[in-house]
Amino acid sequence: MAEIALLNQETIDKIAAGEVIERPSSVVKELVENSIDAGATAVTVEIKEGGISLIRITDNGSGIEKEQVSLAFLRHSTSKIRSVEDLLSVSSLGFRGEALSSISAVAQVELITKTVSDITGIRYVIEGSIEKEKEEIGAPDGTTFLVKNLFYNTPARKKFLKTPQTEAGYISALVERLALSHPDISFKLIVNNQTKLHTSGNSNPKDVIYQIYGRDITSSLIELNAKTDLFEVSGFIGKPVISRGNRNFENYFINERYIKSSLIAKSIEDAYKNFLMQHQYPFCVLYFTFDGKLLDVNVHPTKMELRFSENEGIYQTLYDCIHEKLLHRDHIKEVSLEE
Ligand code: ADP
Ligand code: MG
């Protein structure tokens, strides 16, 4: 038997990073969520080679205080919660304090950030968890992260990435969902120097749907607004004619978070069952507001799944909301397309 020994910090960081950062789109997700948490009203995502060689995220949010920059890259460092009790009411997308440390463990990262109250900003370079440069510079308010050569020091991880086109596709899908989740933020996605998406940030979800899905879908929506004992929901469900062959068009957001819930998906799909052919799935963009006490978001490091209490009630209430809309869809005023 080999001797038992504690892993060194570099190894620990790389292992932990693997949990949060699986591929380029994970980097984009974490950094854009940070921008949203920082109160940004405009976020630009720029990628090259599917994000493998370069990801640049620019926001006009709060910026990071100079003295806090190094700290932000340590594991479990966060400005968003202070104790486990805060988790019950957490409203920010982040709270685990793992993203920046994970990204900087497996990539070359350059950060430029400035707060409104500071006159100068700071440029900070960190590679493989090792601080390389830190200098004061002139910079606009907000934060820019440049992430280069993802997994340059973890070749095994890098080997599992798909082609740049496929990775870019994951990033596009993600940015579309982030844009849908926050119609109040202007998102821009630039892939290999070409602008692929630019939303206005005018708070109108229908405009974002139009930008992403186009006219046919936008003109076939039924508006849904309901306040129930368990949750509030607003948004749009697609008329059965715009059903799709896969689940990728089921968009739902829970407390402004893009998250998977088999319970929500099943309830929506079951409500559509008698309106769709087999193997067809609904289109929807739904915004749920739940009391934080009904859910636990801290299930998984990427926070992509969540647990509910009151499963049965939530399933049935949502089913009823949607089913009723579908039954009466000819009687209700349908969504008009403003142009
Ligand atoms: P978490 O989001 O869970 O707090 P992160 O590792 O993602 O952890 O970020 C660490 C901290 O760095 C955040 O709590 C926040 O204070 C700061 N930070 C990260 N990105 C930004 C940004 N774009 N604008 C302002 N502050 C940021
Ligand atoms: Mg974060």
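The values are calculated or read from the model by the stated rules, or taken from the named source; none is laboratory data. Predicted, not measured: the structure shown is a model, and the values here were computed from it. Neighbour counts run over all protein chains shown; Cβ positions are idealised from the backbone, glycine included.
If you take the residues in the range 1-45 that are within 16 Å of the chain's Cα centre (by Cα) and more than 15 Å from ligand 1 (Cβ to nearest atom), which one is modelled with the lowest pLDDT? It would help to see each step written out before you state the result.
Step one: of the range 1-45, the residues within 16 Å of the chain's Cα centre (by Cα) are 20-45.
Subsequent filtering for residues that are more than 15 Å from ligand 1 (Cβ to nearest atom) retains 22-25.
Values: E22: 93, R23: 96, P24: 98, S25: 97.
If we take residues in the range 1-45 being within 16 Å of the chain's Cα centre (by Cα) and more than 15 Å from ligand 1 (Cβ to nearest atom), then E22 is modelled with the lowest pLDDT.
Quickly run through the range 49-75 and pick out the residues that are on the phi > 0 side of the Ramachandran plot and more than 9 Å from ligand 1 (Cβ to nearest atom).
Result: E49, G50, G51.
Which condition breaks for T78 when tested against (1) at pLDDT 95 or above; (2) farther than 15 Å from T143 by Cα; (3) in contact with a Gly (Cβ under 8 Å, 6 or more places away or on another chain)?
(1)
Being on the phi > 0 side of the Ramachandran plot and of a type in the set (S, T, N, Q) is the filter here; which residues of the range 201-211 pass it? Reasoning before the result, please.
To start, the set of residues in the range 201-211 that are on the phi > 0 side of the Ramachandran plot comprises 201, 203.
Residue satisfying the conditions is S203 alone.
Mind telling me which of the residues E127, E110, E135 ends up being surrounded by fewer than 13 Cβ atoms within 10 Å (Cβ to Cβ) and either under 25 Å from I21 (Cα atoms) or not hydrophobic (A, V, I, L, M, F, W, C) (or both)?
Working: E127 fails: surrounded by fewer than 13 Cβ atoms within 10 Å (Cβ to Cβ); E110 fails: surrounded by fewer than 13 Cβ atoms within 10 Å (Cβ to Cβ).
None of the other options fit; the residue is E135.
Just name the residue that is nearest to ligand 2 (Cβ to nearest atom) out of those in the range 87-100 that are in a helix (DSSP H, G or I) and either among the charged types (D, E, K, R) or crowded, with 22+ Cβ neighbours inside 10 Å (or both).
Of everything passing the filter in the range 87-100, A99 is nearest to ligand 2 (Cβ to nearest atom).
What residue, among those in the range 81-107 that are charged (D, E, K, R) and within 13 Å of ligand 1 (Cβ to nearest atom), is modelled with the highest pLDDT? Let's see the steps before the verdict.
Initial filter on the range 81-107 (charged (D, E, K, R)): 82, 85-86, 96, 98.
Next, from what is left, pick out any that are within 13 Å of ligand 1 (Cβ to nearest atom): 82, 86, 96, 98.
Values: R82: 85, D86: 77, R96: 80, E98: 90.
Only one residue fits best here, namely E98.
Given the conditions (1) touching a helix residue (DSSP H, G or I) at 6+ places or on another chain (Cβ under 7 Å); (2) on the phi > 0 side of the Ramachandran plot; (3) without any contact (Cβ under 8 Å) to a residue 40 or more places away in the chain, and given that G214 satisfies all but one, which numbered condition is not satisfied?
Failing condition for G214: (1).
Picking from K48, K80, K29, which residue would you name as being within 16 Å of ligand 2 (Cβ to nearest atom), within 21 Å of I171 (Cα to Cα) and touching a helix residue (DSSP H, G or I) at 6+ places or on another chain (Cβ under 9 Å)?
Values: K48 fails: within 16 Å of ligand 2 (Cβ to nearest atom); K80 fails: within 21 Å of I171 (Cα to Cα).
From the options K48, K80, K29, the qualifying one is K29.
What tally of residues in the range 37-76 results from selecting those that are more than 20 Å from G121 (Cβ to Cβ) and assigned to a loop (DSSP other than H, G, I, E, B)?
Qualifying residue count for the region: 5.
Could you give me the residue pairs with C-beta distances under 8 Å whose first residue belongs to the range 221-245 and is without any contact (Cβ under 8 Å) to a residue 24 or more places away in the chain, whose second residue is surrounded by 15 or more Cβ atoms within 10 Å (Cβ to Cβ) and of a type in the set (V, I, T) wherever it lies, and which are 6+ apart or on separate chains?
Close Cβ pairs satisfying both conditions: N225/V233.
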